[in-house]
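The values are calculated or read from the model by the stated rules, or taken from the named source; none is laboratory data. Source: prediction; values computed, not measured. All Cβ positions, glycine included, derive from the backbone under ideal geometry; neighbour counts span all protein chains shown. The area values use the complete protein model at the heavy-atom level, side chains included, leaving out ligands, DNA and RNA. Shrake-Rupley method; radii C 1.70, N 1.55, O 1.52, S 1.80 Å.
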Amino acid sequence: MSDEAVRGFPAFGAGGRSARSWWGRAWVSAMEDTALDLRQLKKGRKYAAAGLVGPITVSPGRIAAAVDDVDGGPYRTELRLAELSEADWTRFLDRVASRAGHLAALLDRDMPHDLVAAADDAGVHLLPGIGDLDPECDCAGWELPCRHAAALSFQASWLLDADPFVLLLMRGKGEREIREELESRTAPRVDLVVEDRTPGELPDLAGFRPSGAPSIPAAPGVPAEAFALLAAHAATQARAMLAGEPWPGRRHDTVRLAAEFPAAASRLGEGAEFERAVAAWTHGGRAGLEVLDAPWTPPKVALAAARAALADVTDEEPVFDRNRCTAGEVQVRLDRRGRWHPYRREGGEWWPAGPPEADPGLLLG
């Protein structure tokens, strides 16, 4: 087992709290719903708050620690969770890589509800359900979970709050491996149809001028716009690398190219979902695509400011759902930079309708 597949965490020490993230609370619920004795849960919560759980080790299928007890110990305690199969991992990582918002959220150590829902739809269950957590302890108690396993489970939820990759490691893969697999799925690639040519034959570049307004010649089987697209693509990627900016994944890149080079859009993708993504990028760039793909939970102060801004500009009572606010046939979505993107309902779907504004009242007024 590689070092990357085993992670160690120092003891939390005294100071109790509850799980803050929705996935941390889901972990606790899976443990509580399985418990046969609620008294053991209450003791376990007290033990976790009192700092009786030692350093925690997480590895595929297992989380373990030594837990002290007022009556003795320490006791070797662990929780086991089944690892995902390779087929499950393939379906899950394919889903993450196919949605720019999911990819950005996960790499930012967030786990959106719809990412987990998408995984569930693919038959991949990330979060434990009733009976999925298997506690073990060398104490004399017969209850499952015992107070020591319960204490470890409560502190495990605190780890999950800070880093959902802890859950993914228990499911079988470490962060580095996941990042590498996602990178392999999202590496930039432009699929252009090029006719076969005799090996070694080069296009005639006699008319190409490297400065000013370049005239890019056609070549056998290669349309002129393909050269323009590839040249601009390489230049954009080079600028990002020089600036130290992360290069977007394949879907980001494909949508961006389609938005910036409409003549090549039909070669890059098709369908209403792709068209909506291109429209989102056209109006709002990368942030526009991210608010199309995945909702997120903004700070309460941002939502309070939006309510105040909308109070005098619409007769409709705005309905807020995370970063989305709907008033009749208009919707605005907040990106992580603090800008609101307008949407209009067309054919039962919400479509990007214009550039973003910092003041949502300008979009609903």
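Scanning for something in contact with a Leu (Cβ under 7 Å, 6 or more places away or on another chain) and charged (D, E, K, R), does segment 321-337 turn up at least one residue? No.
Taking Leu144, is it closer than 30 Å to Leu36 by Cβ, at pLDDT below 85 and open to solvent by 10 Å² or more (accessible area, probe 1.4 Å)?
Taking the combined requirement at face value, the residue satisfies it.
Counted as qualifying within segment 253-365 are the helices (runs of 4 or more DSSP H) with 3 or more residues that are hydrophobic (A, V, I, L, M, F, W, C) and surrounded by 13 or more Cβ atoms within 10 Å (Cβ to Cβ), namely 272-293, 300-310, 361-364.
Yes or no: Ala30 open to solvent by less than 40 Å² (accessible area, probe 1.4 Å), part of a loop (DSSP other than H, G, I, E, B) and touching a Leu at 6+ places or on another chain (Cβ under 8 Å)?
Working: open to solvent by less than 40 Å² (accessible area, probe 1.4 Å): yes; part of a loop (DSSP other than H, G, I, E, B): no; touching a Leu at 6+ places or on another chain (Cβ under 8 Å): yes.
No; evaluated as a whole, the condition is false for this residue.
Just checking, which of Ala64, Ala19 is assigned to a strand (DSSP E or B) and not charged (D, E, K, R)? Spell out the reasoning first.
Details: Ala19 fails: assigned to a strand (DSSP E or B).
The match here is Ala64.
Residues considered: Glu346, Glu317, Glu270, Glu357. Of these, the only one that is modelled with pLDDT under 85 and over 26 Å from the mean Cα position of the chain (by Cα) is Glu317.
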